[in-house]
Amino acid sequence: AQSVSQHNHHVILSEAASLELGCNYSYGGTVNLFWYVQYPGQHLQLLLKYFSGDPLVKGIKGFEAEFIKSKFSFNLRKPSVQWSDTAEYFCAVKWGGFKTIFGAGTRLFVKA
Amino acid sequence: DTEVTQTPKHLVMGMTNKKSLKCEQHMGHRAMYWYKQKAKKPPELMFVYSYEKLSINESVPSRFSPECPNSSLLNLHLHALQPEDSALYLCASSQERGRGYEQYFGPGTRLTVT
């Protein structure tokens, strides 16, 4: 069955630290890949997406992600986090039908 | 305008009540979705509509009844719910249903069943 795994459920960083959140999906084929963010009390917002082309994609707020097809991975990175990045981050994958499957989420807390 | 609106924001209902959740988008999107999100869990797909027709029903109990009266509106009718149905109900839309289109999410309706 199709599944999405996020390796870190809780991450605590100090401001200016670098961030990498892992995301792997169960098997290949043509996929669309997404990272969504949910700030406290706010709705899900799209951070970035990969459909095709350059496997390194840049999103909003300084985030980027790299698609590695051979590893079925789409890891999220940010060189220097800010307190305002405290949120829950969801990786999501769409395999070709209409269904998007979300990972379990990673709660990031950034200490000021 | 990339906004999906949902009403009400909060809803408390008894197990014998009938209520409806509403979702609206004016982006010209032809696919609309209902998700259920329990606390500290990811969103789980419930229904997908494409061009106002139901495309996917993820084996959702019949006490949840979706309706898409037109391309901008999506309703979720609730009847005889159980306390375990308490959750955040999210609506989303995308330009089309297939690959190559991202979903835009509304703020959700927080439902409490007493």
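Kindly list the number of the only condition in (1) at pLDDT 95 or above; (2) under 28 Å from residue B:57 (Cβ atoms) that fails for residue A:30.
With (1) at pLDDT 95 or above; (2) under 28 Å from residue B:57 (Cβ atoms) applied to residue A:30, the lone miss is (1).
Taking the range A:48-59, which residues are in contact with a Leu (Cβ under 9 Å, 6 or more places away or on another chain) and open to solvent by 70 Å² or more (accessible area, probe 1.4 Å)?
Those that are in contact with a Leu (Cβ under 9 Å, 6 or more places away or on another chain) and open to solvent by 70 Å² or more (accessible area, probe 1.4 Å): A:49, A:58.
Looking only at the range A:21-42, how many residues end up being surrounded by fewer than 20 Cβ atoms within 10 Å (Cβ to Cβ) and under 9 Å from the mean Cα position of the chain (by Cα)?
Selection size over the range A:21-42: 1.
How do the strands (runs of 3 or more DSSP E) wholly within the range B:6-86 filter down when requiring 2 or more residues that are within 12 Å of another protein chain (Cβ to nearest Cβ) and open to solvent by less than 60 Å² (accessible area, probe 1.4 Å): which remain?
B:31-37, B:44-50, B:53-57
Anything in the range B:26-42 that is under 11 Å from the mean Cα position of the chain (by Cα) and under 16 Å from residue A:94 (Cβ atoms)? List them, or say none.
Those that are under 11 Å from the mean Cα position of the chain (by Cα) and under 16 Å from residue A:94 (Cβ atoms): B:32, B:33, B:35.
When the residues of the range B:87-114 are filtered to those that are surrounded by 15 or more Cβ atoms within 10 Å (Cβ to Cβ) and touching a helix residue (DSSP H, G or I) at 6+ places or on another chain (Cβ under 8 Å), which remaining residue is farthest from the other protein chains (Cβ to nearest Cβ)?
B:113
Testing residue A:45 on (1) touching a residue at least 40 places away in the same chain (Cβ under 8 Å); (2) open to solvent by 10 Å² or more (accessible area, probe 1.4 Å); (3) under 22 Å from residue B:105 (Cβ atoms); (4) polar (S, T, N, Q), one condition comes back false. Which one is that?
Every condition holds for residue A:45 apart from (1).
Across the range A:101-112, what is the total count of residues that are open to solvent by 10 Å² or more (accessible area, probe 1.4 Å), in a strand (DSSP E or B) and within 11 Å of chain B (Cβ to nearest Cβ)?
Qualifying residue count for the region: 3.
Considering the range A:73-100 alone, what residues qualify as being among the charged types (D, E, K, R) and either more than 14 Å from chain B (Cβ to nearest Cβ) or within 23 Å of residue A:40 (Cβ to Cβ) (or both)?
A:77, A:78, A:85, A:88 - these are the residues of the range A:73-100 that are among the charged types (D, E, K, R) and either more than 14 Å from chain B (Cβ to nearest Cβ) or within 23 Å of residue A:40 (Cβ to Cβ) (or both).
Mind checking whether some residue in the range A:80-87 is within 19 Å of residue B:45 (Cβ to Cβ) and surrounded by fewer than 20 Cβ atoms within 10 Å (Cβ to Cβ)?
For the range A:80-87, residues within 19 Å of residue B:45 (Cβ to Cβ) and surrounded by fewer than 20 Cβ atoms within 10 Å (Cβ to Cβ): absent.
If a residue has to be open to solvent by 10 Å² or more (accessible area, probe 1.4 Å) and either touching a residue at least 24 places away in the same chain (Cβ under 8 Å) or within 14 Å of chain B (Cβ to nearest Cβ) (or both) to count, how many in the range A:60-72 make the cut?
6
The values are calculated or read from the model by the stated rules, or taken from the named source; none is laboratory data. As the structure is a prediction and not an experimental result, all values here were calculated from the model. Here Cβ is always computed from backbone atoms with ideal geometry, including for glycine, and neighbour counts include all displayed protein chains. When the accessible area is computed, the model is the full protein with side chains, heavy atoms only, and any ligands, DNA or RNA have been set aside. Shrake-Rupley method; radii C 1.70, N 1.55, O 1.52, S 1.80 Å.
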